[in-house]
Amino acid sequence: MILATKECCLSDRYELHQFDNGLTLLAEVMPGMQSVAMTLLIPAGSAADPPDAAGTATVLCELILRGAGERDNRALTEHLDSLGLQRSSSVGVYHCRLAFAATANMGMAALPAYADIVLRPRLPADGFDAARELSLQSLASIDDEPQRKLMTRLREIYFPWPLGRNSLGDKAHLQVMSLERVRAHHQQAFVPDGAIIAFAGNIDFPSLRDRVAELLGHWPRRQPIPITTTPPRKTYHFEQHPSEQTHIALAWPTVDETHEDYYVARIAYDILG
């Protein structure tokens, strides 16, 4: 009886709703918390970058935060700061990620601004060079960290292209990237079909669902950019680097997260590593 009651309570904590435009809403209701956390995943990761414009997603993910809706860069930053949000953004293989954590009431107050960031970013010309330069600096910093550079190169070689592509981009591509190209990518890649918005904390799910529907339910439905992969090289690779150390990295196939031996494989990996 105790186990059944616990399982019921746990299942009642989780909510899921999919809107007509393809956006998925997930929530973990935690009444005992005084805070709320939000993560929004948009299917605009590095794998969706144009073949000749690697790094577009990273530049775009930075640029959308430089003004949105009626607020310019300064006004948007001051507004989000006034709400006390702990904010972050990043680009992965499949998604551009926006996230925040705040007190419950302030988190809900931040949603209109994030809707503007996603749907109505200003993508200002005066912020483009700075956003692109940040990507170039981050890319250049890899050369100062041999181990990080090695793992970046290993992913490029091992995984099917473009899944192993460095999300920071390619120097030659970034140097010739234009604001018009980034704006066009926003129109193509920022789509609700395949996007996920997730919350955890002190929330009322029906109210949250209605609020998300009001802000993002009219997001026009379009298909994500299709990702076509090519076979990986999976070969021996040596790269000369001016360092006093030699760094070696290996990659091999293993079970996926749904396999019954996944955790056994992880433990073996940790022991060997």
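The dipole here belongs to the chain: it is taken about the Cα centre, uses +1 on the Cβ of Lys and Arg and -1 on the Cβ of Asp and Glu, and is about 360 debye.
Dipole of the chain computed with +1 at Lys/Arg Cβ and -1 at Asp/Glu Cβ about the Cα centre; of P192, Q175, L272, farthest Cα towards the positive end is Q175.
Residue ranges 78-85, 250-257 sort as 78-85, 250-257 when ordered by packing (mean number of other C-beta atoms within 10 Å per residue, highest first). Candidates L60, G22, I117 compared by Cα position along the dipole of region 1-149: farthest toward the positive end lies G22, with charges placed on Cβ.
The calculated FRET efficiency for the pair D126 and Q86, based on their C-beta separation and a Förster distance of 41 Å, comes to about 0.95.
Once the piece of chain linking E244 and Q175 is laid out straight, how much longer is it, given 0.36 nm per residue of separation minus the C-alpha distance between them? Each step should come with its number before you reach the end.
On the way: separation 69, 0.36 × 69 = 24.84 nm, distance 3.11 nm.
My answer for the length gained is 21.7 nm.
Once the Cβ-Cβ distance of H237 and S35 is raised to the sixth power relative to R0 = 30 Å, the FRET efficiency obtained is 0.10.
Computed log10 I(q)/I(0) for the chain at 0.07, 0.10, 0.12, 0.13 Å⁻¹: -0.32, -0.64, -0.90, -1.02, from the Debye equation with unit scatterers placed on every C-alpha and solvent omitted.
How large is Rg over Rh for region 88-233, taking Rg from the Cα atoms and Rh as the Kirkwood inverse mean of 1/r across Cα pairs? Present the calculation step by step, with values, prior to reporting the outcome.
Values: Rg = 18.1 Å, Rh = 18.0 Å.
Ratio of gyration radius to Kirkwood radius: 1.01.
Every number here is computed from the coordinates shown, using simple stated rules; none is lab data. What you see is a predicted model; the values in this text were computed from it and never measured. Using ideal geometry, Cβ is built from the backbone for each residue, glycine included, and neighbour counts are taken over all protein chains shown.
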